[in-house]
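The structure appears below as structure tokens.
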Amino acid sequence: MPDVAAIAQRRPTALRRITRKLLGLRLPAAPSAPPAPTGRWQSERITADFDTYLRELEQDLAQAKRLILLEMYIFGDDAIGRRVEAALIAAAKRGVEVMVAVDGIGSGVWLERAAGELSRQGVHIRVYHPTPWQLTHFSIPTRQRLESAGRWFRYFNRRNHRKMCIIDGRLAWVGSMNLTHEHSAALMGDSAWRDTVARVEGDGVRVLMRAFIAAWRRSWRVVGLRLYPSFSLRSLHLSQPLDGLVRLNHGLRMRRLYYRDLLARITHARQRVWIANAYFVPQGSLIKALGAAAANGVDVRVIVPAQSDVWFMSYVAATFADALAQVGVRLLYYQPRMLHAKTMLIDDWVSIGSTNLNHRSLRHDLEADVVLTTSASVRAVEKILQEDSAVSLDLTADSHRPPWRVRMIGNAMLLLRRWI
């Protein structure tokens, strides 16, 4: 695969802009060495077991005294969703302010069944960019129907993909686990999704709270069976966190900033770049950075699911096997089950959250990640990714290169890369 990013960098400015737009590449300036996080969490803990996470989340919800902020891409209309609903209603009844923000597509089924009932129980519900079928399910003030239809066409491709819960402004759960039965080994057995979540306490939680409120103000309010559109026309803008513990993507400037920071961390790695990512559709600049790290003798590996909940995603990831092999990067096909994690270990720098390395996360969806700093967190993620690697197939090895049929389907689906 030609180094398109490098070629485009050498072209005149006007042509470079055209090339970038046509290819969908983001071509940042040559990255300098990134700074280490200046802050520290008061406590941080990682779990890759959903049932443990759910049990501890319910305990935290039961102990909440003032405020619960829950932001979830998929709130399941299933046994898991009902367990969390019960915990939220119980908190609201004892006087806790409970605010739940969900995505119109990810939580559409749950929204139509449960949101009205929860709102009547004292839980405040808002939905980010509802779909047209939700607009027909709920009553909407007549004068706002035309406006809402126009906004739907404008914002349909922008989703709230975050999965986090903030309690009393002091602790937060952040990761890629949705509240749905697919993650639960107790319900799904060996087919339960492999995922990761972190529980953190400290000053960085306030940054996550500001992110929640910014999205809340742009979301539709649910009251019983009525939907009320947001009247906030301001862009989703947040001041830049300075401690390096929270990574958000409100606005184009913040998206570019953190993408450049990621490229810099990869390029300047000295020991390892280990990535587990559910929906891996890299831009040319990311492949270039991974190759630069591998050229320096760094152990660079990317773990993707061989079995995906989106049927074509494993084919899409496989199309990058040749390009990655040419630059010394290992692409590993995780075999046992769906790998849904979005985890990075770059030397001793750990990131856990909801961000995929694809066009959606880099351009459209709202995401949230946390950076963990303790040696215990580094060892925990190292162990998890080593175990993932041990049960994965190396697609960059000559004996395991994906067949032409897989590449053909993957390349065809890449035509839709702005949507995946």
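The values are calculated or read from the model by the stated rules, or taken from the named source; none is laboratory data. All values derive from a computational prediction rather than experimental measurement. When we count neighbours, we look across all protein chains shown, and the Cβ atoms used for this are built from the backbone with ideal geometry, even at glycine. Areas reflect the complete protein model, heavy atoms only, side chains present, ligands, DNA and RNA absent. Shrake-Rupley method; radii C 1.70, N 1.55, O 1.52, S 1.80 Å.
Would you mind checking segment 354-368 for residues with the amide N under 13 Å from a putative spin-label position 7 Å along Cα→C-beta of ASN157? Only 359-365 fall inside the zone, counting backbone N under 13 Å. Neighbours of VAL84 by Cβ distance under 11 Å: Lys/Arg scored +1, Asp/Glu scored -1, total -1. Overall shape of segment 304-390 was characterised from the C-alpha gyration tensor. The equivalent ellipsoid obtained from it has semi-axes of 22, 17, 14 Å, in decreasing order.
For LYS383, the lysines whose Cα falls under 28 Å of its own Cα, not counting residues fewer than eight places away in the same chain, are LYS163, LYS288, LYS342. Expressed in Å, the radius of gyration and Dmax of the Cα atoms of segment 201-354 are 18.5, 59.
If R0 equals 41 Å, the separation of the Cβ atoms of ALA62 and HIS400 corresponds to a calculated FRET efficiency of about 0.30. Restricting attention to segment 268-306, which trypsin sites (Lys or Arg not before Pro) occupy a DSSP loop and are surrounded by at most 15 other Cβ atoms within 10 Å? In loop regions of segment 268-306 (DSSP not H, G, I, E or B), the sparsely surrounded trypsin sites (Lys or Arg not before Pro) are ARG270. For VAL350, the residues 5 or more places off, or on other chains, whose built amide H falls under 5 Å of its own are LEU372. Taking other residues whose beta carbon is less than 14 angstrom from the beta carbon of ARG407, and scoring Lys, Arg as +1 and Asp, Glu as -1, yields +1. Note on segment 351-412: percent of Cα-Cα distances in each 10 Å bin, starting at 0 and stopping at the bin with the largest distance, equals 16, 27, 37, 18, 2.
Entry for segment 271-420 at q = 0.09, 0.14, 0.17 Å⁻¹: log10 I(q)/I(0) = -0.25, -0.64, -0.97, Debye formula applied to identical alpha-carbon scatterers, no solvent contribution.
Measuring only protein heavy atoms, the 1.4 Å probe finds PHE50 accessible over about 10 Å².
Taking all Cα pairs closer than 8 Å and separated by 6 or more residues, the relative contact order of segment 304-372 comes to 27 percent.
Model label sites at SER375 and ILE89, defined 7 Å from Cα along the beta-carbon direction, differ in position by 4.8 nm.
Charge tally for TRP110 (other residues, Cβ to Cβ under 12 Å; Lys, Arg +1; Asp, Glu -1): -4.
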